[in-house]
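Trainee: Please see the structure below; I have some questions.
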Amino acid sequence: MKKFYLFIVLFLFAFFANAQIKVQGVPRNDIQGTGSNQLNTTVTTTINFSDIQYWVGSGTNEAAFVVQWNDSKNPDALVWGFRWNGTATGEDMLKAIAKADHRFFTLLYPGTQFGTAIGGMGFDLNGQNSNALYKSGNVTYPYYPVNGIVNTAAYDFDDYTAADASDHWGSGWYNSYWSYWVKDPTDADFGYSGVGATSRVLQNGSYDVWNFNAGMESFPISSTLTPVSPYVTATNFTNGYFMVNEEWFGHTNGSVNFIDNNGQINYRVYSNANNNQAFGATTQYGTIYGDKFYFISKQAADGGDTQYTPGGRLVVANAQTMQKIAGFNNIGGGDGRSFVGVNENKGYIGASNGIFIFDIANMQVGSLITGTGGGGQYAGQIGNMVRSSKYVFAVKQSAGILVIDPATDTLVSTIPGAFHSIVQAKDGSIWAIQDQKVVNINTTTFATTPYNIPTTKYLGSWGAWNAGSFTASSKQNVLYWNNSVNSFVSGAQIVKFDVTTKAFNESFATIPGQTGTYKQIPYGAALRVNPITDELILNTTESGYGAHYQKNWIHTYDATGTLTNTKTLNDYYWFPAVTVFPDNTLPTVSNTFPSQVSVNSASVIDLKTIVSDEDNLSSAIVKSIKSNSNPAAVSAVINGNDELVLTPIATGTADIKITFNSNGKVVEKTLTVNSTASVLATAEVKKIEFSIYPNPVTDILTIKTQEKILNVSVYDASGKVVNTQLNNGQINVSMLPNGVYILKAVTDKAVYQQKLIKK
């Protein structure tokens, strides 16, 4: 690293021994111009601006900014560059550098009769992002810089210390002070400035040196100045995970932190990338869909926030850069709750008054989905939403689980019950959770099968709505959640449920920090599973009241429930809401998927087994027909079992384009189909009909079709086969219990599924 070399020359006394001195323009009788004081020192220097590495601002004028702490920590005297056009002051330069370089922070007293007084300056030497100040030894309520600045309203600079003792920090007025040295192009030497930074007008080629006089002792300006390397904000948001924060209601709009794989916590990455913009008030939910990050807040803005610009109830950002794409104060008239991507052009916004369509392609909030509203603002609010391969399942507080057909944006069913949250397991099954039950929802019939949690309860999500700790692994067929004493008081255990065996482990892992009066408790959604590593990420805060909520931790568990890592956040009222993982990979279609097939009768290709995604559930990948170049020759449909059904209609060739959408990331495959159906067969196909009657049925069910039935099965609500006996086109169902069933028939032309009601 290049260094600047200053040739220090002691000068004769610039002041008589008892002359009055000014510190930043303020007359000081307590500081005398004696030989032991640095006020009696001037400096002659030549600085090469080309050696400055970090320039802040833009313009044709240039100035150097030097800070020297004299605290025996290396490097000591640091230098930045400042560029501008027009008129700029020393204060403008300091503030611009403090805002741009998140390592540098300062303590200011603005609005005095002499302008802004600079009381303290610090620099994050160890890269811990721990810039904060304690006043009068009060470590409970640190002061955090905004734009690199902590403001005070008195000359109380001596009362402040740095939260991180390893950082550069110097502050004072009566016991220590910052001496201010300046040089303009026409000046032969540095001279002590009798005015403050507000009154200091910069010139092209100016130098400002701030030299800390600790204990009122003088220190010569160092002969070695170290150029500061450019500050680089986190720009790679693929290796790690995000923590979306409610933030401190009444004080700060919502934010998001990023924890990289090296363990570094990068605070307020969205605000850093967008000139101190933020989200709305109480940001409760976030999700990545495609290349966009959707942040949902309860209200549009926090009126108490004077530090960050609010972004609205919905903020859309680029998931790779955090650059803002759009913001919406109004999302349909209600408060924000959740978001789910439906396809590459459409998403659903969950709100306190229903579910609203969001046009991803045009960035527009659309209409309410009929039947999803009503019930009052906090009695009919929407909770979590899950997109399966065919439907969207959404929790509604007063109603149950809403089932929406995303192809038509219509409500097709409502599963009644008091549910908190909903997830999709690795095997594609849908699960909801109640106070002391997990409930399986049949994805075809929507019938429910409950499983009682043996001894513990689930921590409720509706009081002040949050997304809840109910979560699923992408690598194992298991679910997790945090237990509770009741619906409002958290417990200290993470519960595991095996979807395959239906076994509960109510003491899978223990939440740390369970000793002492104030214990660690989960907050917000609190628990999520990393889709790549299968690690559990648990965020906790300290129980109690007031300053206890400033204490926050992030814990990592491996798949066996062993605690492997703990990170402590900077003390602040983050109120963490939910962990979100980057979506880095595209879906992968197996080589077993053919590029060409020939059909002379109805054929089926199972799409479930040929597509996967490293950071998403294979069962959640949406498969659809994008185009068919010759529908007169071949019919191509994807049924409810994610099977591609190809039915020849006439002799010919068709190119079938199939899309695989995994969480908004899409790949396409083209299948060439050669049909060898005859003209006569075409006519027969057009006349084909398939029906079952009577329906509802009491005993004998008749199947009507002109096709040859190869096999038939009747499934109950759990998906279990309960009847396969076909006799001359009829099935005897008299022995079946009353209820809803699914009949599946495979013919030589197609596969059919129909709902069957036994009464």
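Trainee: Output yes when any residue across the stretch 676-697 is of a type outside the set (K, R), surrounded by 13 or more Cβ atoms within 10 Å (Cβ to Cβ), over 44 Å from the mean Cα position of the chain (by Cα) and at pLDDT 90 or above, and no when none is.
Mentor: Going residue by residue through the stretch 676-697, those that are of a type outside the set (K, R) are 676-685, 688-697.
Next, from what is left, pick out any that are surrounded by 13 or more Cβ atoms within 10 Å (Cβ to Cβ): 676-677, 681-682, 684-685, 688, 690, 692, 695, 697.
Filter once more, so that each one left must be over 44 Å from the mean Cα position of the chain (by Cα): 676-677, 681-682, 684-685, 688, 690, 692, 695, 697.
Remaining after also requiring at pLDDT 90 or above: none.
No, that holds for no residue.
Trainee: Determine which member of the set S222, S271, S199 is within 30 Å of Y523 (Cα to Cα) and either among the polar types (S, T, N, Q) or not in a strand (DSSP E or B) (or both). Give the derivation first.
Mentor: On the way: S222 fails: within 30 Å of Y523 (Cα to Cα); S199 fails: within 30 Å of Y523 (Cα to Cα).
Only one candidate passes the filter, namely S271.
Trainee: Scan the stretch 149-171 for residues that are surrounded by fewer than 22 Cβ atoms within 10 Å (Cβ to Cβ) and touching a helix residue (DSSP H, G or I) at 6+ places or on another chain (Cβ under 7 Å) and report the count.
Mentor: The number of residues fulfilling the criteria is 1.
Trainee: Considering only the stretch 341-366, how many residues are over 14 Å from G290 (Cβ atoms) and not in a loop (DSSP other than H, G, I, E, B)? Quick ask: steps written out before the conclusion?
Mentor: Kept after step one, since they are over 14 Å from G290 (Cβ atoms), are these residues of the stretch 341-366: 348-357, 362, 364-366.
Of the ones still in play, those that are also not in a loop (DSSP other than H, G, I, E, B) are 348-351, 354-357, 364-366.
Selection size over the stretch 341-366: 11.
Trainee: With R387, R337 as the choices, which residue is more than 22 Å from I625 (Cα to Cα), crowded, with 23+ Cβ neighbours inside 10 Å and touching a residue at least 24 places away in the same chain (Cβ under 8 Å)? Let's see the steps before the verdict.
Mentor: Values: R387 fails: more than 22 Å from I625 (Cα to Cα).
Within the list R387, R337, the selection yields R337.
Trainee: Related question: Can A577 be described as touching a Gly at 6+ places or on another chain (Cβ under 6 Å), in a strand (DSSP E or B), modelled with pLDDT of 90 or more and not aromatic (F, W, Y)?
Mentor: On the way: touching a Gly at 6+ places or on another chain (Cβ under 6 Å): yes; in a strand (DSSP E or B): yes; modelled with pLDDT of 90 or more: yes; not aromatic (F, W, Y): yes.
Yes: the conditions hold for A577.
Trainee: Got at least one residue in the stretch 593-600 being in contact with a helix residue (DSSP H, G or I) (Cβ under 7 Å, 6 or more places away or on another chain) and assigned to a loop (DSSP other than H, G, I, E, B)? Let's see the steps before the verdict.
Mentor: At the first step, the residues of the stretch 593-600 found to be in contact with a helix residue (DSSP H, G or I) (Cβ under 7 Å, 6 or more places away or on another chain) are none.
No, the stretch 593-600 contains no residue that is in contact with a helix residue (DSSP H, G or I) (Cβ under 7 Å, 6 or more places away or on another chain) and assigned to a loop (DSSP other than H, G, I, E, B).
Trainee: Take I349 and decide whether it is open to solvent by less than 10 Å² (accessible area, probe 1.4 Å), on the phi < 0 side of the Ramachandran plot and among the hydrophobic types (A, V, I, L, M, F, W, C). Quick ask: steps written out before the conclusion?
Mentor: On the way: open to solvent by less than 10 Å² (accessible area, probe 1.4 Å): yes; on the phi < 0 side of the Ramachandran plot: yes; among the hydrophobic types (A, V, I, L, M, F, W, C): yes.
It is true that I349 is open to solvent by less than 10 Å² (accessible area, probe 1.4 Å), on the phi < 0 side of the Ramachandran plot and among the hydrophobic types (A, V, I, L, M, F, W, C).
Trainee: Another question about this same structure. Determine, yes or no, whether A77 is in contact with a Ser or Thr (Cβ under 6 Å, 6 or more places away or on another chain) and modelled with pLDDT under 95. Even if it seems obvious, please write down each step before you answer.
Mentor: Details: in contact with a Ser or Thr (Cβ under 6 Å, 6 or more places away or on another chain): yes; modelled with pLDDT under 95: yes.
So A77 passes the test.
Trainee: Scan the stretch 367-375 and tell me whether some residue there is open to solvent by 20 Å² or more (accessible area, probe 1.4 Å) and in a strand (DSSP E or B).
Mentor: Yes, the stretch 367-375 has at least one match.
Trainee: Now for a separate question. Give me the residue from the stretch 496-546 that is assigned to a loop (DSSP other than H, G, I, E, B) and on the phi > 0 side of the Ramachandran plot and, out of that set, most open to solvent (accessible area, probe 1.4 Å).
Mentor: Taking the stretch 496-546 as the starting set, the residues that turn out to be assigned to a loop (DSSP other than H, G, I, E, B) are 499-502, 511-519, 530-535, 543-545.
This time we only want the ones that are on the phi > 0 side of the Ramachandran plot, so: 502, 513, 516, 534, 544.
On the way: K502: 72, G513: 32, G516: 55, D534: 11, G544: 36 Å².
Looking at the filtered set, the residue picked out is K502.
Trainee: When you scan the stretch 549-565, how many residues do you find that are surrounded by fewer than 18 Cβ atoms within 10 Å (Cβ to Cβ), aliphatic (A, V, I, L, M) and part of a strand (DSSP E or B)?
Mentor: Summing the residues that are surrounded by fewer than 18 Cβ atoms within 10 Å (Cβ to Cβ), aliphatic (A, V, I, L, M) and part of a strand (DSSP E or B) in the stretch 549-565 gives 1.
Trainee: Determine which member of the set K292, K298 is touching a Lys or Arg at 6+ places or on another chain (Cβ under 8 Å), charged (D, E, K, R) and open to solvent by 10 Å² or more (accessible area, probe 1.4 Å). Before the answer, list the steps.
Mentor: Numbers: K292 fails: touching a Lys or Arg at 6+ places or on another chain (Cβ under 8 Å).
Being touching a Lys or Arg at 6+ places or on another chain (Cβ under 8 Å), charged (D, E, K, R) and open to solvent by 10 Å² or more (accessible area, probe 1.4 Å) holds for just one of K292, K298, which is K298.
Trainee: Every residue in the stretch 255-291 that is among the charged types (D, E, K, R) and under 13 Å from T238 (Cα atoms), please. Spell out the reasoning first.
Mentor: Our first condition is that a residue be among the charged types (D, E, K, R); within the stretch 255-291, this holds for 260, 268, 291.
D260, D291 - these are the residues of the stretch 255-291 that are among the charged types (D, E, K, R) and under 13 Å from T238 (Cα atoms).
Trainee: With respect to N213, determine if the residue is farther than 21 Å from D101 by Cα, open to solvent by 10 Å² or more (accessible area, probe 1.4 Å), at pLDDT 90 or above and in contact with a strand residue (DSSP E or B) (Cβ under 9 Å, 6 or more places away or on another chain).
Mentor: Details: farther than 21 Å from D101 by Cα: yes; open to solvent by 10 Å² or more (accessible area, probe 1.4 Å): no; at pLDDT 90 or above: yes; in contact with a strand residue (DSSP E or B) (Cβ under 9 Å, 6 or more places away or on another chain): yes.
In short, no.
Trainee: Oh, and also: If you take the residues of the stretch 612-628 that are assigned to a strand (DSSP E or B) and of a type in the set (V, I, T), which of them is least open to solvent (accessible area, probe 1.4 Å)? Steps first, please.
Mentor: Within the stretch 612-628, the subset assigned to a strand (DSSP E or B) is 612, 622-628.
When the remaining residues are screened for being of a type in the set (V, I, T), the result is 622, 625.
Working: V622: 20, I625: 57 Å².
So, considering only residues that are assigned to a strand (DSSP E or B) and of a type in the set (V, I, T), the one least open to solvent (accessible area, probe 1.4 Å) is V622.
Trainee: Another question, if that's okay. So which strands (runs of 3 or more DSSP E) are wholly in the stretch 386-466 and hold at least 2 residues that are farther than 24 Å from G286 by Cα? Spell out how you get there, then give the answer.
Mentor: On the way: elements: 392-396, 400-405, 410-416, 421-424, 430-433, 437-441, 448-452.
The qualifying strands (runs of 3 or more DSSP E) are 410-416, 437-441, 448-452.
Trainee: Something else about it: In the stretch 172-181, how many residues are part of a loop (DSSP other than H, G, I, E, B) and surrounded by 15 or more Cβ atoms within 10 Å (Cβ to Cβ)?
Mentor: Result for the stretch 172-181: 3.
Trainee: So which residues in the stretch 182-193 are assigned to a strand (DSSP E or B) and in contact with a Lys or Arg (Cβ under 8 Å, 6 or more places away or on another chain)?
Mentor: Going through the stretch 182-193, the residues assigned to a strand (DSSP E or B) turn out to be 182-183, 190-192.
Scanning the stretch 182-193 gives V182, F190, G191.
Trainee: While we're looking at this one, here's another question. Among the hydroxyl-bearing types (S, T, Y), surrounded by 19 or more Cβ atoms within 10 Å (Cβ to Cβ) and in contact with a helix residue (DSSP H, G or I) (Cβ under 7 Å, 6 or more places away or on another chain), is that true of S421? Please lay out each step first, then the result.
Mentor: Values: among the hydroxyl-bearing types (S, T, Y): yes; surrounded by 19 or more Cβ atoms within 10 Å (Cβ to Cβ): yes; in contact with a helix residue (DSSP H, G or I) (Cβ under 7 Å, 6 or more places away or on another chain): no.
Here the answer is no, as S421 does not meet what is asked.
Trainee: Return only the number of the condition from (1) touching a helix residue (DSSP H, G or I) at 6+ places or on another chain (Cβ under 8 Å); (2) open to solvent by less than 10 Å² (accessible area, probe 1.4 Å) that K426 does not satisfy.
Mentor: (2)
Trainee: In this structure, does T410 turn out to be open to solvent by 30 Å² or more (accessible area, probe 1.4 Å), of a type in the set (S, T, N, Q) and either at pLDDT 95 or above or over 26 Å from Q299 (Cβ atoms) (or both)?
Mentor: Values: open to solvent by 30 Å² or more (accessible area, probe 1.4 Å): yes; of a type in the set (S, T, N, Q): yes; either at pLDDT 95 or above or over 26 Å from Q299 (Cβ atoms) (or both): yes.
Against the criterion (open to solvent by 30 Å² or more (accessible area, probe 1.4 Å), of a type in the set (S, T, N, Q) and either at pLDDT 95 or above or over 26 Å from Q299 (Cβ atoms) (or both)), T410 qualifies.
Trainee: State whether one or more residues within the stretch 182-190 are in contact with a Ser or Thr (Cβ under 7 Å, 6 or more places away or on another chain), open to solvent by 50 Å² or more (accessible area, probe 1.4 Å) and either among the charged types (D, E, K, R) or in contact (Cβ under 8 Å) with a residue 40 or more places away in the chain (or both).
Mentor: Yes, because at least one residue in the stretch 182-190 is in contact with a Ser or Thr (Cβ under 7 Å, 6 or more places away or on another chain), open to solvent by 50 Å² or more (accessible area, probe 1.4 Å) and either among the charged types (D, E, K, R) or in contact (Cβ under 8 Å) with a residue 40 or more places away in the chain (or both).
Trainee: Follow-up. Can you name every residue in the stretch 97-143 that is exposed (fewer than 14 other Cβ atoms within 10 Å of the Cβ) and of a type in the set (A, V, I, L, M)?
Mentor: Result: V139, single match.
Trainee: Still on this model: Answer yes or no as to whether T592 is surrounded by fewer than 18 Cβ atoms within 10 Å (Cβ to Cβ), modelled with pLDDT of 95 or more and out of contact with any strand residue (DSSP E or B) (no Cβ under 8 Å at 6 or more places or on another chain). Working first, answer last.
Mentor: Working: surrounded by fewer than 18 Cβ atoms within 10 Å (Cβ to Cβ): yes; modelled with pLDDT of 95 or more: no; out of contact with any strand residue (DSSP E or B) (no Cβ under 8 Å at 6 or more places or on another chain): yes.
For T592, the condition - surrounded by fewer than 18 Cβ atoms within 10 Å (Cβ to Cβ), modelled with pLDDT of 95 or more and out of contact with any strand residue (DSSP E or B) (no Cβ under 8 Å at 6 or more places or on another chain) - is not met.
Trainee: Continuing with the same structure: Quick test for you: out of T238, T252, pick the one residue that is part of a loop (DSSP other than H, G, I, E, B), hydroxyl-bearing (S, T, Y) and closer than 30 Å to A547 by Cβ. Outline the logic, then answer.
Mentor: Working: T238 fails: closer than 30 Å to A547 by Cβ.
The conditions single out T252.
Trainee: Can you find a residue that is open to solvent by 30 Å² or more (accessible area, probe 1.4 Å), under 24 Å from G290 (Cβ atoms) and at pLDDT 90 or above anywhere in the stretch 652-661?
Mentor: Start the filter on the stretch 652-661 by keeping residues that are open to solvent by 30 Å² or more (accessible area, probe 1.4 Å), which leaves 653, 655, 657.
So of that shortlist, the ones also under 24 Å from G290 (Cβ atoms) come out as 657.
In the following step, the residues that additionally are at pLDDT 90 or above were identified as 657.
Within the stretch 652-661, one or more residues are open to solvent by 30 Å² or more (accessible area, probe 1.4 Å), under 24 Å from G290 (Cβ atoms) and at pLDDT 90 or above.
The values are calculated or read from the model by the stated rules, or taken from the named source; none is laboratory data. Remember, predicted model here, so these are calculated numbers, not experimental data. Glycine gets a Cβ as well: all are built from the backbone with ideal geometry, and neighbour counts include every protein chain shown. Each accessible area value is taken on the protein alone, full model and side chains, heavy atoms only, with ligands, DNA and RNA left out. Shrake-Rupley method; radii C 1.70, N 1.55, O 1.52, S 1.80 Å.
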